Amino acid sequence: MSEQVQWSAALVKKYDGNGPRYTSYPTALCFEQVTQAQYLSALSQAGRSYEPLSLYVHIPFCRHLCYYCACNKHVTKQQDLADKYIEHLAIEMSRLADFCGARPIKQLHFGGGTPTFLTVEQMQRVWALLDYNFDLFSLPDHEFSIEIDPRVTDENYLAMLKELGFNRISIGVQDFNPATQKAVHRVQPYELVAQRMQAARDLGFHGISIDLIYGLPNQSEATFEQTLRQVLDLSPDRIAMYSYAHLPDRFAPQKRIDSHEVPTPETKLAILGNSIQQLQSAGMVYIGMDHFAKPDDPLAQALYGQSLQRNFQGYSTHKGLDMLAMGVSSISFIDGQYFQNEKSLDAWQNKIAAGEMPVAKGYELNDDDIRRRWIISRLSCAMPISYSEYRKEFGRNFLADFKDVQPYLQNFADDGLIKLSAKGIDVLPTGRLLLRPICMLFDAYLTDQLRQRYSRIV
Ligand SMILES: C[S@@+](CC[C@H](N)C(=O)[O-])C[C@H]1O[C@@H](n2cnc3c(N)ncnc32)[C@H](O)[C@@H]1O
Ligand code: SF4
């Protein structure tokens with residue numbers, strides 16, 4: 001399991017195509033209308049448990065627009081919009097806590113948009129609300145993380161976050177190449193990021209992660225290699241390296257990017273291959289699905305120990321916790337069901353103001369979904385599928401259930417991505433390059449039409 005991934009452009013090209021990242025199964029595109037009563041009933045069921053809980057808080061605001069951005073965000077300079085948002089968040093939080101406030105919190109993540117758009121006072125207020133409504137500190141190994149935009153998060157702000165109780169941060173970098181930064185309207189010099197990293201380290205944050213994107217305008221193999229050299233100098237514990245898909249018809253801000261400046265698919269493939277090799281040569285472990293970690297980081301340890309988990313925030317080391325999410329567009333997983341809040345700021349606020357839960361969509365897993373979800377979440381973490389474990393878990397025969405998938409699995413095996421045996425399926429190191437297509441074999445909802453709505457693998 002610990003071996004390095006051997007890059008193969010031919011294999012990646014062969015299996016490239018559109019597909020989900022499987023931060024949930026079924027994915028959010030399958031979610032359906034749900035009623036208030038369904039959500040309340042799931043919450044009430046979740047409230048009968050005392051198991052640890054994961055919380056997610058979505059803060060949608062950003063001060064500046066990055067032209068590549070595909071996140072759910074609201075770009076504004078009006079700080080008081082956040083006051084109004086926090087008022088509504090307080091109501092949503094207190095209703096959720098009416099059900100689940102007694103469960104200890106193991107994981108807490110602030111995502112966005114830009115959570116650090118909030119002023120120090122606003123962030124302290126949100127934290128005080130969380131602390132009032134939930135049992136934040138009774139578990140010793142809790143993990144509280146937040147996404148940082150280095151342009152709007154200075155050393156004093158970082159110190160405040162540490163004091164509140166955050167212990168992990170991820171920093172949005174994307175690229176250090178000045179021509180790329182200019183083309184995507186996100187100028188942040190290396191020195192600025194280096195200062196923030198140093199401050200975060202001095203303050204005692206661990207698991208510091210850097211977000212990068214390949215496929216952005218004006219990137220070449222040479223410029224991205226230089227960016228990675230600079231990133232490695234900063235010595236982050238983790239790196240997320242996402243693929244940029246230029247889809248201006250779907251994401252309006254991308255219309256401001258000159259298509260001619262976007263690298264060709266061949267250049268993108270070369271950048272990906274070079275980057276995997278460069279980062280591995282520097283000692284980073286390629287986890288799979290866009291993520292790298294230092295060998296002693298808990299993420300890499302979990303990969304080796306076959307205990308890695310995947311949830312809406314990507315990879316995690318915490319086992320299948322219920323996730324309670326708050327804020328516009330956020331997704332909860334409770335009592336075996338997914339629930340997604342309203343995606344527009346107005347709709348989310350209006351429902352809360354009307355005394356309703358701001359839920360819009362959701363999905364209740366059936367027995368077939370539960371089995372496929374078990375398989376996909378293991379494969380997306382490069383974990384083996386054991387036929388006997390499957391039998392123990394579900395009282396069924398894997399080979400009989402997935403007879404139709406066998407020829408496709410055999411193709412992956414012939415290509416050296418997985419190993420098939422009488423006991424089950426093992427993901428080989430090179431298979432970590434192509435976890436998405438391996439998982440896709442078990443996705444019952446992948447129609448051609450739906451597939452077009454996912455991003456490409458490269
Ligand atoms: C919510 S942002 C991180 C926090 C903060 N807003 C920032 O940008 O620094 C999450 C990450 O999503 C990634 N991202 C956003 N749009 C993307 C796109 N179109 N393709 C690939 N990755 C994207 C970026 O790496 C970004 O850092
Ligand atoms: S990448 Fe981050 S800062 Fe830029 S627009 Fe998207 S959410 Fe906002």
Exercise for review: Grab the Cα-Cα distance for Ser307 and Gln6, subtract it from 0.36 nm times how many residues apart they are, and report the gain in nm with one decimal.
Suggested key: 106.1 nm
Exercise for review: Note down the accessible area of Tyr454, probe 1.4 Å, to the nearest 10 Å².
Suggested key: 30 Å²
Point to revise | Residues with amide H under 5 Å from that of Ala360, placed H, sequence gap 5 or more | key: Gln340, Asn341, Glu342
Revision key, fill the gap. Expected vector for the range 10-26, Karplus 3J(HN,Hα) from phi with 6.51, -1.76, 1.60 and θ = phi - 60°, integer Hz, x for Gly and Pro, equals 5, 5, 5, 5, 4, 9, 5, x, 7, x, x, 8, 6, 7, 8, 9, x
Revision key, fill the gap. Ignoring ligands and nucleic acids, Val458 exposes an accessible area, probe 1.4 Å, in Å² to the nearest 10, of 10 Å²
Study note, to complete from the structure: Here the net charge surrounding Val458, from other residues whose Cβ is less than 12 Å away from its Cβ (Lys, Arg +1; Asp, Glu -1), is +2
Exercise for review: Mind ranking Lys361, Lys319 by accessible surface for me, highest first, 1.4 Å probe?
Suggested key: Lys319, Lys361
Study note, to complete from the structure: Interchain or sequence-distant (5+) residues whose placed amide H lies within less than 5 Å of the amide H of Asp322 are Ser54
Practice item. Among the aspartates and glutamates, select those whose C-alpha is under 13 Å from the C-alpha of Lys294, and discard any that sit fewer than 8 residues away in the same chain. Key: Asp237
Revision key, fill the gap. Rounded to the nearest 10 Å², the 1.4 Å probe accessible area of Met357 is 10 Å²
Practice item. Report the extension gain between Asp249 and Ala159 in nm, rounded to one decimal, defined as 0.36 nm multiplied by the number of residues separating them, less their alpha carbon distance. Key: 28.4 nm
Review point. Relative contact order for the chain using alpha-carbon pairs under 8 Å, separation at least 6, rounded to a whole percent?
Key: 22 percent
Study note, to complete from the structure: Cross-link reach from Lys13 to lysines, straight Cα distance under 21 Å and at least 8 residues apart if same chain, gives Lys268, Lys419
Study note, to complete from the structure: Any aspartates and glutamates whose Cα falls less than 16 Å from that of Lys182, other than same-chain ones fewer than 8 residues away, would be Asp258, Glu261
Exercise for review: Starting at the first residue of the range 433-447, write each ³J(HN,Hα) from the Karplus equation 6.51 cos²θ - 1.76 cosθ + 1.60 with θ = phi - 60°, in whole Hz, x for Gly and Pro.
Suggested key: 5, 10, 5, 4, x, 5, 4, 4, 4, 9, 8, 7, 10, 7, 6
Review point. What residues qualify as long-range amide H neighbours of Asp211, i.e. H under 5 Å apart, gap of 5 or more or another chain, H built at 1.01 Å from N?
Key: Ile171, Gly172, Val173, Gln174, Ala240
Revision key, fill the gap. Taking every other residue with Cβ under 12 Å from the Cβ of Ala282 and scoring Lys and Arg +1, Asp and Glu -1, one gets 0
**Study point:** Total charge dipole magnitude, the range 28-323, about the Cα centre, Cβ charges on Lys, Arg, Asp, Glu only, Debye to nearest 20
**Key:** 340 debye
Point to revise | Under the Karplus curve 6.51 cos²θ - 1.76 cosθ + 1.60, θ = phi - 60°, whole-Hz ³J(HN,Hα) for the range 136-153, x wherever Gly or Pro sits | key: 6, 10, 7, 9, x, 9, 5, 10, 10, 10, 8, 8, 10, 9, x, 5, 10, 9
Revision key, fill the gap. For the range 28-323, inverting the pair-averaged 1/r of distinct alpha-carbon atoms gives a Kirkwood value in Å of 20.4 Å
Revision key, fill the gap. Once Ala70 and Gln280 are pulled to full extension, the length gained, defined as 0.36 nm per residue separation minus their Cα-Cα distance, is 72.8 nm
Practice item. Would you compute the Debye intensity of the range 307-385 from its alpha-carbon atoms alone, equal scatterers and no solvent, and pass along log10 I(q)/I(0) at q = 0.21 Å⁻¹ to two decimals? Key: -0.96
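The values are calculated or read from the model by the stated rules, or taken from the named source; none is laboratory data. Owing to the predicted nature of the structure, the values given are computational and were not obtained by experimental measurement. Positions of Cβ are backbone-derived with ideal geometry, glycine not excepted, and every protein chain shown enters the neighbour counts. Please note that ligands, DNA and RNA were not included when accessible areas were found on the heavy atoms of the full protein model with its side chains. Shrake-Rupley method; radii C 1.70, N 1.55, O 1.52, S 1.80 Å.
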